[in-house]
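The values are calculated or read from the model by the stated rules, or taken from the named source; none is laboratory data. Predicted, not measured: the structure shown is a model, and the values here were computed from it. Cβ atoms come from the backbone with ideal geometry, glycine included; neighbour counts cover every protein chain shown. Remember, those area values only see protein heavy atoms, side chains included, never the ligands or the DNA or RNA. Shrake-Rupley method; radii C 1.70, N 1.55, O 1.52, S 1.80 Å.
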Amino acid sequence: MTLFKMGQFELSHRVVLAPLTRCRSYGNVPQPHAAVYYSQRATKGGLLIAEATGVSATAQGYPATPGIWTHEQVEAWKPIVDAVHRKGAIFFCQIWHVGRVSRNELQPNGEAPISSTDKQTSPAAVSKTEYSKPRRLRTDEIPGIVDDFRRAARNAIVAGFDGVEIHGAHGYLLEQFMKDSANDRDDEYGGSLENRCRFAVEVIGAVVGEVGAHRVGIRLSPFADYMECVDSDPVALGHYMVQQLNRHEGFLYCHMVEPRMAIVDGRRQIPHRLLPFRKAFNGTFIAAGGYDREEGNKVVAEGYTDLVAYGRIFLANPDLPRRFELDAPLNKYDRSTFYTQDPVVGYTDYPFLEDDSSNDVSSTQA
Ligand SMILES: Cc1cc2nc3c(=O)[nH]c(=O)nc-3n(C[C@H](O)[C@H](O)[C@H](O)COP(=O)(O)O)c2cc1C
């Protein structure tokens, strides 16, 4: 457990809760059970990143994911953020627009999802979910979407979050503009790398202008191929985006996802391709994707990253930082309940280490 100063925030350890969509926000409104879930994972001086949270009514692509564009949603987030703060943790909201990764029935008036393109995404490999044919945004509509991000960032601060993480990863709207497999535009938002990144750069500028660079991070996954968003030159894309972040003095953090795990000598290995970006970036660097205790300790000790975000094992181990500290065994995650909608099962019912008094969450329930 080593201390780290991330901008104005004093972190007591390097174990970050990665953003995890949990599909338990009925009607796109976060529910009281989220206060239990997040405060279970909160530690004094620990950083939690909330699940991807929609910036507008067109931002939704999955059932029961939370939003932050209405007054009701903002009010619903407040007790959740309070519960996390009572544990002394730092809480960021990941703000999100799915773009074409959606279906007409999740959109206002059953309209087509919006995107950089009108090219449809193939059905999801595992769930077989079909995505609807998107509608290509007109150039003059894009500032309105940028403004949705700005407003969502403001709302997150009103709800009490310490800052926001712009979701620029995993094939969602920002990547549908950034990556050349998806972006087939011929206006100033398509074509060259600079043009393809323009939308993301405008979102970053608007969010920074609204809440201050000291409260803004971004998640990027230049190497990923999710949702048929692939770039022919991910290294150039990553470098260009890091340069854009550096233009904002004090931009808080860059959170990057490793390429998919590679099999080397029969063992799954993290490719560790992020070091050049970490070296180029002026702020705090967070790495994610396939880390465990040993690999996480190693990359922090080597200076490969400042912080490590953990997804699936933090989902299954509410007391993950403590387990790491003690080198205790971990609960196994249950993939079948990742995206189910029960308020308890696969959500707040993963056990704590038996001797851990922090499993008493009654005082933090909303
Ligand atoms: C159930 C689940 C939900 C996820 N939801 C999000 C999300 O909302 N936003 C995001 O950026 N990544 C999301 N991810 C990706 C994780 O944040 C993380 O990058 C990924 O699980 C790899 O890290 P890990 O090997 O530590 O699990 C999700 C992953 C899982 C398993």
Answer yes if at least one residue in the stretch 266-276 is within 16 Å of the ligand (Cβ to nearest atom), touching a Pro at 6+ places or on another chain (Cβ under 6 Å) and in a loop (DSSP other than H, G, I, E, B), and no otherwise.
yes
Evaluate the stretch 37-59: report whether one residue or more is under 13 Å from Phe92 (Cα atoms), part of a helix (DSSP H, G or I) and more than 13 Å from the ligand (Cβ to nearest atom).
yes
Give me the residue from the stretch 283-297 that is open to solvent by 20 Å² or more (accessible area, probe 1.4 Å) and within 15 Å of the ligand (Cβ to nearest atom) and, out of that set, farthest from His214 (Cα to Cα).
Glu294
Among residues belonging to the stretch 1-17 that are of a type in the set (A, V, I, L, M) and assigned to a strand (DSSP E or B), point out the one that is farthest from Arg323 (Cα to Cα).
Met6
Within the stretch 189-205, identify whether any single residue is open to solvent by 20 Å² or more (accessible area, probe 1.4 Å), of a type in the set (Ser, Thr, Tyr) and in a helix (DSSP H, G or I), and answer yes or no.
no
Based on what the data block shows, is Asp225 closer than 23 Å to Asp180 by Cβ and either in contact with a helix residue (DSSP H, G or I) (Cβ under 9 Å, 6 or more places away or on another chain) or open to solvent by 10 Å² or more (accessible area, probe 1.4 Å) (or both)?
yes
Output for Cβ contacts, cut-off 9 Å, separation at least six or different chains, first residue on the phi < 0 side of the Ramachandran plot and of a type in the set (S, T, N, Q) in the stretch 292-318, second within 13 Å of the ligand (Cβ to nearest atom) and open to solvent by 30 Å² or more (accessible area, probe 1.4 Å), reads Asn317/Leu330; Asn317/Tyr333
Kindly indicate whether any position in the stretch 307-330 is farther than 22 Å from Ala89 by Cβ, more than 13 Å from the ligand (Cβ to nearest atom) and surrounded by 15 or more Cβ atoms within 10 Å (Cβ to Cβ).
no
Count - residues of the stretch 335-344 that are in a loop (DSSP other than H, G, I, E, B), within 15 Å of the ligand (Cβ to nearest atom) and exposed (fewer than 15 other Cβ atoms within 10 Å of the Cβ):
2
Pro19 closer than 25 Å to Val300 by Cβ, within 16 Å of the ligand (Cβ to nearest atom) and open to solvent by 10 Å² or more (accessible area, probe 1.4 Å):
yes
Please go through (1) modelled with pLDDT of 90 or more; (2) not basic (Lys, Arg); (3) not in a loop (DSSP other than H, G, I, E, B) for Asn282 and return the number of the only condition it doesn't satisfy.
(3)
Quickly run through the stretch 57-106 and pick out the residues that are touching an Asp or Glu at 6+ places or on another chain (Cβ under 9 Å), more than 13 Å from Phe161 (Cα to Cα) and open to solvent by 10 Å² or more (accessible area, probe 1.4 Å).
Thr58, Trp69, Arg103, Asn104
Within the stretch 159-166, is there a residue that is part of a loop (DSSP other than H, G, I, E, B), touching a residue at least 12 places away in the same chain (Cβ under 8 Å), within 19 Å of Ala57 (Cβ to Cβ) and not acidic (Asp, Glu)?
yes
Assess whether Tyr304 counts as being among the aromatic types (Phe, Trp, Tyr), assigned to a loop (DSSP other than H, G, I, E, B) and within 11 Å of the ligand (Cβ to nearest atom).
no
Is it the case that Ala59 is closer than 15 Å to Tyr37 by Cβ and among the small types (Gly, Ala, Ser)?
no
Exception for Ser363 within (1) at pLDDT 95 or above; (2) open to solvent by 50 Å² or more (accessible area, probe 1.4 Å); (3) out of contact with any Lys or Arg (no Cβ under 7 Å at 6 or more places or on another chain) falls at (1)
Check Met261 against each of (1) within 20 Å of the chain's Cα centre (by Cα); (2) surrounded by 14 or more Cβ atoms within 10 Å (Cβ to Cβ); (3) within 15 Å of the ligand (Cβ to nearest atom); (4) not basic (Lys, Arg) and name the one condition it does not meet.
(2)
Please determine, by comparing only the residues of the stretch 228-247 that are of a type outside the set (A, V, I, L, M, F, W, C) and open to solvent by less than 50 Å² (accessible area, probe 1.4 Å), which one is farthest from Arg103 (Cα to Cα).
Asn246
